[in-house]
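The values are calculated or read from the model by the stated rules, or taken from the named source; none is laboratory data. Quick caveat: nothing in here was measured; it's all calculated off a predicted structure. Note that we place each Cβ from the backbone using ideal geometry, even for glycine, and neighbour counts take in every protein chain shown. The protein model used for the area step is the full one, side chains on, heavy atoms only, and it has no ligands, DNA or RNA in it. Shrake-Rupley method; radii C 1.70, N 1.55, O 1.52, S 1.80 Å.
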Amino acid sequence: MTNQTTTFSQPLASTRIGVAALVFLMGAVLVFGAGFAHPQALHDAAHDARHAMSFPCH
């Protein structure tokens, strides 16, 4: 009988931090970019989406 062992390597800490920073930046752009948008239709769509997700916006 033979045993097979599989090992998975962990990503580098700097890679994980970089990915986390990118995800945070993208989220901030979505929330603040749509929230402070000048076209009224874009702002209203973002406002309705925040209410649908129970995100406090005012």
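Observations
- Any hit, the stretch 6-17, residues being over 20 Å from the mean Cα position of the chain (by Cα) and β-branched (V, I, T): yes
- Filtering the stretch 27-40 to residues that are in a helix (DSSP H, G or I) and surrounded by 10 or more Cβ atoms within 10 Å (Cβ to Cβ) leaves G27, A28, V29, L30, V31, F32, G33, A34, G35.
- Any hit, the stretch 46-53, residues being open to solvent by 100 Å² or more (accessible area, probe 1.4 Å), in a loop (DSSP other than H, G, I, E, B) and free of Cβ contacts under 8 Å to residues at least 12 places away in the same chain: yes
- Any chance A21 is at pLDDT 80 or above, open to solvent by 80 Å² or more (accessible area, probe 1.4 Å) and of a type in the set (G, A, S): no
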